[in-house]
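*Asks:* Got a structure for you, questions after.
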Amino acid sequence: MTVCPHCGGTGFARDADVELEVEALAISLRASCVTADRTVFGDDRVDEKTAAWLIGRRPGTLRNWRSAHRPIPFAQPGGRVSYRLADLARWMLENGSEREI
């Protein structure tokens, strides 16, 4: 069995718990978008403006983070930036959310 050098645990149960939290928060984010009449694309992605709204930041902050190479994971097909709800949820859990969901 592999032991984590940082926490001394195996990490398996903790990883599963974190993934369940991420999934639950992503579902809540999706519901918030629907309630606020904001678009969630079929692959569970949102545009930059909606992502910023969800995490309680401004779109310019997300642009600054991308240029500083410390972004939340994003995609840019055809020049349009989008974020997966699961990545936003993970960021919120790791960094705290300033917005009530």
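*Asks:* What number comes out for accessible area per residue over region 15-92 if the probe is 1.4 Å? Units Å², please.
*Replies:* Numbers: 4550 Å² over 78 residues.
Accessible surface, normalised per residue, equals 58 Å².
*Asks:* Which chymotrypsin sites (Phe, Trp or Tyr not before Pro) from region 33-101 combine a DSSP loop assignment with at most 14 other Cβ atoms within 10 Å?
*Replies:* The qualifying sites are Phe41.
*Asks:* Going through region 20-101, which GluC sites (Glu not before Pro) have at most 15 other Cβ atoms within 10 Å and a DSSP loop state? Walk me through the numbers on the way to the answer.
*Replies:* Values: sites: Glu21, Glu23, Glu48, Glu94, Glu98, Glu100; in loops: Glu98, Glu100.
Passing sites in region 20-101 are Glu98, Glu100.
The values are calculated or read from the model by the stated rules, or taken from the named source; none is laboratory data. Remember, it's a predicted structure, so these values are computed and weren't measured experimentally. Note that each Cβ is placed from the backbone with ideal geometry, even for glycine, and that neighbours are counted across all protein chains shown. Note: areas computed on protein heavy atoms with side chains; ligands, DNA, RNA excluded. Shrake-Rupley method; radii C 1.70, N 1.55, O 1.52, S 1.80 Å.
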